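Report on the structure given below.
The values are calculated or read from the model by the stated rules, or taken from the named source; none is laboratory data. This structure is a prediction, so every number in the text was calculated from the model and none was measured. Positions of Cβ are backbone-derived with ideal geometry, glycine not excepted, and every protein chain shown enters the neighbour counts.
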Amino acid sequence: MKSIPLLPYRIKPVGYSLLFVGLLFLLLLKLEIFPEKFFNVTVFQVYGDGEVLYIGEKAHLKETHWFTLIRDDFAYEILISLLIIGFFFVAFSKEKIEDEFIMRLRLNSLLTAAFMHTILIFLSNLFIYGFSFYWALTVNMFLLLLVFVIHFRVSIFIQNKKMAHEE
């Protein structure tokens, strides 16, 4: 079987570290440890629609605009970046021993995660409305990689247990 290009094994601990820092950052944000405008920075926005823009300390309602500098709370962009990169590194880095069996477990886990992710997006679309749907989509953004990593790790653990009992 032709091998799939994956990240080197040494990237996996970096991914777990980024996930840990991201989850710790999420906890600190939810506990409101940081001052209110601690992460308020000027950022480049490609597109904005009907948002409140802060120019200096004054708020302006801006309709549709393209390629604008705005002041925004950048905390959630940092959080999402940490979690996505962390999950990516963990999910797509090689194992210590990467063989056809591991590749089959990887493919099976990816298909299971895609199946569950599709069903949850479909159900979210049917049963979640308003601003809550935005939060459901945000959770679903991480769900594919989360389910993949959990399913893959559990599959490897189960296979290692089976092999230990056979010896």
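Pairing residues of region 1-29 that are of a type in the set (S, T, N, Q) with residues that are surrounded by 15 or more Cβ atoms within 10 Å (Cβ to Cβ), at Cβ distances under 8 Å and at least 6 apart in sequence or on separate chains, gives S3/E98; S3/M103; S17/G86. Scanning region 14-33 for residues that are touching a strand residue (DSSP E or B) at 6+ places or on another chain (Cβ under 9 Å) and of a type in the set (S, T, N, Q) turns up nothing. Selection of first residues in region 121-144 that are closer than 25 Å to L82 by Cα and of second residues that are surrounded by 12 or more Cβ atoms within 10 Å (Cβ to Cβ) and among the basic types (K, R), restricted to Cβ pairs under 7 Å at least 6 apart or on distinct chains, gives an empty result. Residues that are at pLDDT 85 or above and of a type outside the set (S, T, N, Q) number at least 1 in the following strands (runs of 3 or more DSSP E) confined to region 11-67: 40-48.
Comparison of R104, R71 shows that the only residue that is among the charged types (D, E, K, R), under 30 Å from V41 (Cα atoms) and free of Cβ contacts under 8 Å to residues at least 40 places away in the same chain is R71.
Rundown of residues vs (1) closer than 21 Å to F92 by Cα; (2) of a type outside the set (G, A, S), yes/no style:
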| site | (1), (2) |
| --- | --- |
| I128 | no, yes |
| F133 | no, yes |
| L137 | no, yes |
| N140 | yes, yes |
| L145 | yes, yes |
| S155 | yes, no |
| I158 | yes, yes |
| H165 | no, yes |
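For region 1-10, residues that are touching a helix residue (DSSP H, G or I) at 6+ places or on another chain (Cβ under 8 Å), of a type outside the set (G, A, S) and in a loop (DSSP other than H, G, I, E, B) total 2.
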